[in-house]
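**Q** Below is one structure. I have some questions about it.
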Amino acid sequence: MKILLTSVSAGSGHVRAADAVQAVLNQNYPSIETRHIDIMDYVPRFFKKFYVGGYSLAANRFPRLWGGLFYSTNKPNAFGSYLVNYLQALLCGKFLRFIDEFKPDLILTTHFLVPQILSIISKRGFRIPVHCIVTDFYAHQFWLEENIERYYVAQEKTSEKLTQQGVNRSKITVSGIPISPIFSQTTNAGKLRETLELESNVPTVLILSGGLGFGDLASTVKSIFSMDKKLQIITVSGKNAKLLAKLKDIKAPDLVKTIHFGYVTNMHELLSVTDIVVSKAGGLTVSECMVKGNGMLLYPVIPGQEEKNCEFMESIGAGVIANSLNDLNSKLRNLLEDPKKITEMKNNALKYSKPSAAITIALVAAETSLLK
């Protein structure tokens, strides 16, 4: 039996979600052969630059443009969806040849590009089951293709949205967004604080920028400096080396201790020593914070799917939205002066978290594959 996992490296969340499910499949179902590929490794260079680079540029530099595209295409047959899918399939011939060679019994994808491509050849007799893992708390119209046999979604509200759009409820599994099992493990927070030379009685703020280093973390940090409060700030700037260097050049006031990281593999540990997380609302980041029991101050709010993720966190009492640096400064100050509110947010995050998402998805996918 074979399962092909696919993702798209437009942001790191899609890749991390597929990695999490593959890890569970490999550990618990050794009879199933798995492969995880990034579709962008199977397309022409110009298409990868447009698809990945275009997303990064629009979401980071022109968020209103990105939001406009998100909402204007969130309708049936927007901009001639069949024609778009047909053109994408033509550009993804190498990927289709790989499928023909690997011959999977199931395709499990964390990005809508795959079912869009396969919708074209499904009309010509392509019959491999396709399961989709929606990696945000809202399902855009792009996810809706007839060839999808099962959806795995974050919360019941996501399921309700899909059923309103015509998806049969029996095809939806409310699994949660899959994250690495390591986030469910207990961390020795005291030992890590000693390693990082953090004081246990001083508030610690973790500021994230996503795997690609989105946003202006430098301005965010400087804004927090102006609060004139004793703080410990940890920043993670992902793969953005220029951003990391810029942060390290900023002189912190005497009351503030700063620790700056680039790309990290111990996010589960950093979340364990954090009082409040300041971050944009990527689906994987939100899910990781929830499983670790972290309340979030959500900034910047990127229009589109991340805006929807922000709204979800606010609706369950686990997140506070900031719409500007001044708003961020004010709301962070209020939170730090109200430890009970932070505790409430942490408890709400845990209450709605789904730490077993990857296990749930792997189980259903494995059963589908083995029954084929």
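The values are calculated or read from the model by the stated rules, or taken from the named source; none is laboratory data. Fair warning: this is a prediction, and the values are worked out from it, not measured in the lab. Every residue, glycine as well, gets a Cβ built from its backbone with ideal geometry; the counts of neighbours run over all protein chains shown.
**Q** When both residues are 6+ apart or on different chains and their Cβ atoms are under 6 Å apart, which pairs have a first residue that lies in the stretch 265-279 and is in contact (Cβ under 8 Å) with a residue 12 or more places away in the chain, and a second that is buried (at least 24 other Cβ atoms within 10 Å of the Cβ) and in a helix (DSSP H, G or I)?
**A** Val277/Cys289; Ser279/Thr285
**Q** Report every pair of residues separated by at least 6 positions or lying on different chains whose Cβ atoms are under 7 Å apart, first residue within the stretch 90-119 and closer than 16 Å to Asp41 by Cα, second polar (S, T, N, Q) and in a loop (DSSP other than H, G, I, E, B).
**A** Hits for this filter: Thr110/Thr135.
Okay, residues lined up against (1) farther than 24 Å from Ser180 by Cβ; (2) in the same structural domain as Ser226 (by TED's automatic domain parsing):
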residue: Gly319; (1), (2): no, yes
residue: Ser324; (1), (2): yes, yes
residue: Asn329; (1), (2): yes, yes
residue: Leu332; (1), (2): yes, yes
residue: Lys340; (1), (2): yes, yes
residue: Asn347; (1), (2): no, yes
residue: Ile361; (1), (2): no, no
residue: Val364; (1), (2): no, no
residue: Glu367; (1), (2): no, no
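**Q** Still on this structure, I have one more. Report yes if Met313 is in contact with a strand residue (DSSP E or B) (Cβ under 7 Å, 6 or more places away or on another chain), at pLDDT 95 or above and surrounded by 16 or more Cβ atoms within 10 Å (Cβ to Cβ), otherwise no.
**A** yes
**Q** Further question: In this structure, is Glu314 assigned by TED's automatic domain parsing to the domain that holds Gly210, closer than 24 Å to Ile133 by Cα and touching a residue at least 12 places away in the same chain (Cβ under 8 Å)?
**A** yes
**Q** Would you point out the residue of the stretch 218-230, among those that are touching a residue at least 60 places away in the same chain (Cβ under 8 Å) and not in a helix (DSSP H, G or I), that is surrounded by the fewest Cβ atoms within 10 Å (Cβ to Cβ)?
**A** By that ranking, first place goes to Ser226.
**Q** Within the bounds of the stretch 327-336, is there any residue that is closer than 29 Å to Asp228 by Cβ, in contact with a Cys (Cβ under 9 Å, 6 or more places away or on another chain) and among the hydrophobic types (A, V, I, L, M, F, W, C)?
**A** no
**Q** Continuing with the same structure: Could you list all residues from the stretch 56-107 that are part of a helix (DSSP H, G or I) and among the small types (Gly, Ala, Ser)?
**A** Listed by number, the residues that qualify are Ser56, Ala58, Ala59, Gly67, Gly68, Ser72, Ser81, Ala89, Gly93.
**Q** Still on this structure, I have one more. Which residues, counting only those in the stretch 136-174, are part of a loop (DSSP other than H, G, I, E, B), crowded, with 17+ Cβ neighbours inside 10 Å and over 15 Å from the mean Cα position of the chain (by Cα)?
**A** Leu144, Glu145, Asn147, Val167
**Q** Across the stretch 175-207, which residue is surrounded by the fewest Cβ atoms within 10 Å (Cβ to Cβ) among those that are under 30 Å from Ile361 (Cβ atoms), touching a residue at least 12 places away in the same chain (Cβ under 8 Å) and hydroxyl-bearing (Ser, Thr, Tyr)?
**A** Going through the qualifying residues, I end up with Ser184.
**Q** Another question about this same structure. Give Glu149, Glu145 a once-over and let me know the one that is closer than 17 Å to Ile3 by Cβ and touching a residue at least 12 places away in the same chain (Cβ under 8 Å).
**A** It is Glu149.
**Q** Shifting gears a bit: Please work out if Ala252 is in a helix (DSSP H, G or I), over 20 Å from Cys310 (Cα atoms) and not aromatic (Phe, Trp, Tyr).
**A** Here the answer is no, as Ala252 does not meet what is asked.
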